[in-house]
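The values are calculated or read from the model by the stated rules, or taken from the named source; none is laboratory data. Source: prediction; values computed, not measured. Cβ: placed from backbone, ideal geometry, glycine included. Neighbour counts: every protein chain shown. Just the protein is used for accessible areas: all its heavy atoms, side chains included, with ligands, DNA and RNA removed. Shrake-Rupley method; radii C 1.70, N 1.55, O 1.52, S 1.80 Å.
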Amino acid sequence: DAEGVVVGRLASYIALRLRGKHRADYTPHVDLGDHIVVINAEKVTVTGTKARTKIYHRHSTYCGGHKSQTFSEVIARHPEEAIRLAVKGMVPRTPLGRDMMSKLKIYAGNQHPHTAQQPAQLTF
């Protein structure tokens with residue numbers, strides 16, 4: 001549950017669990033991590049003035065296609081994207097890291113379709 005949690009702290013905890021570093025049998029080249037379901041992504045926070053000064057950049061690969069948004073604009077439009085980008089920066093930039101990111105599910109609201117898997121609440 002991401003309600004009231006700082007984005008960076010949440011992302012580092014998620015990356016640790018996705019990577020499998022919390023396990024005793026951790027091996028860097030093997031994907032031993034957990035599947036993570038994040039709910040209430042729209043209620044994450046940032047510290048200081050990052051809500052208006054943190055900028056997310058993207059490019060359409062066309063000339064003049066550079067687009068920028070602040071953190072508050074990203075949260076208003078796509079709240080899942082802020083957490084996904086923060087975690088993506090903390091996992092390896094390899095095929096193994098892409099497999100780890102596929103095990104991360106982020107939902108803006110309180111509901112998610114993974115209730116049949118009986119997810120456990122994590123506290124950190």
Next on the checklist: Quick one: the Cα spread of region 23-71 along its three principal axes, in angstroms, biggest first?
Outcome noted: 47, 31, 19
Checklist entry - Under a straight-distance cross-link criterion of Cα-Cα below 18 Å, which lysines are reachable from LYS105, leaving out those fewer than 8 residues away in the same chain? => result LYS43, LYS88
Checklist outcome for this item: Carbon and sulfur atoms account, in whole percent of the 1.4 Å probe accessible area of the chain, for 53 percent
Checklist entry - Where does region 1-107 land on Rg(C-alpha)/(2.2 N^0.38 Å)? => result 1.15
Checklist entry - Which angle from 0 to 90°, rounded to the nearest 10, does the C-alpha axis of helix 79-88 make with the longest principal axis of the chain? => result 60 degrees
Item to check | Förster radius 41 Å - calculated FRET efficiency between CYS63 and ALA116, Cβ distance, rounded to 0.05 | outcome: 0.30
Checklist entry - Could you give the semi-axes, largest first, of the ellipsoid that matches region 65-111, computed as the square roots of 5 times the alpha carbon gyration tensor eigenvalues and rounded to whole Å? => result 21, 16, 7
Checklist entry - aspartates and glutamates near LYS67 by alpha-carbon distance under 17 Å, same-chain residues fewer than 8 away left out - which ones? => result GLU81
